[in-house]
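Structure first, then comments.
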Amino acid sequence: MFTLNLVTPEKRLVTEAEVDEVLIPGHNGQLGIFPGHSPLITTLSVGVLKYRLKGASDFQSVVVSWGYCEVNKNGVIVLAETAETPSEIDKARAEAALRSAQEKLANAAAIEPDMMVSLQRKLDRAQTRLNVISGNTTNH
């Protein structure tokens, strides 16, 4: 057992929660954190952060978009640019964001490289949000 803290600039989603396991969407892939994990600092990608509360069998899911994660002897600290629980996700807004990003990416030849990265992130975030509210958290 260890603690999990998850914060954004706007809110604290998880504060000193006692957890048995955390799955983090790291920049280079999914990270599984268990008690006794080696210290590390990593960047986050758009994806689903999952955690299992102490003694629970089911995972809680949170969609995170970019940020940092620190694992230390006291637990896990996640500083995310944005984070949403499934109940906070507005399906219509996520669908609209997905369509908008897809339409803009369809004209990729006229897009600057920096804008392409931004649009891809928006597309990934919208798709991840829709996956989570539909119960599919395996892909992101």
**Asked** Does any residue in the stretch 2-31 that is of a type in the set (Phe, Trp, Tyr) come within less than 9 Å, Cβ to Cβ, of a residue that is not in a strand (DSSP E or B) six or more places away or on a different chain, and which pairs are these?
**Response** Phe2/Phe34; Phe2/Pro35; Phe2/Gly36; Phe2/His37; Phe2/Lys73; Phe2/Asn74
**Item:** Output for the stretch 33-54, where each listed residue is closer than 26 Å to Gln120 by Cα and more than 12 Å from the chain's Cα centre (by Cα)
**Value:** Ile41, Thr42
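Can you list the strands (runs of 3 or more DSSP E) found entirely within the stretch 38-98 that contain at least 1 residues being under 16 Å from Asn136 (Cα atoms) and either touching a strand residue (DSSP E or B) at 6+ places or on another chain (Cβ under 7 Å) or among the aromatic types (Phe, Trp, Tyr) (or both)?
It comes to 47-53, 60-72, 75-84.
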**Asked** Which pairs have Cβ atoms under 7 Å, sit 6 or more apart or on different chains, and link a residue in the stretch 129-140 that is under 12 Å from Val63 (Cα atoms) to one that is modelled with pLDDT under 80 and not hydrophobic (A, V, I, L, M, F, W, C)?
**Response** Asn131/Thr137; Asn131/Asn139; Asn131/His140
**Complete:** Going through (1) assigned by TED's automatic domain parsing to the domain that holds Thr15; (2) over 14 Å from the mean Cα position of the chain (by Cα); (3) surrounded by fewer than 16 Cβ atoms within 10 Å (Cβ to Cβ); (4) not charged (D, E, K, R) one by one, Gln30 fails only at (2)
**Request:** Of the conditions (1) at pLDDT 80 or above; (2) exposed (fewer than 15 other Cβ atoms within 10 Å of the Cβ), Ala108 clears all except one; give me its number.
**Result:** (1)
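The values are calculated or read from the model by the stated rules, or taken from the named source; none is laboratory data. As the structure is a prediction and not an experimental result, all values here were calculated from the model. Here the Cβ is made from the backbone with ideal geometry for all residues, glycine too, and neighbour counts use every protein chain on show.
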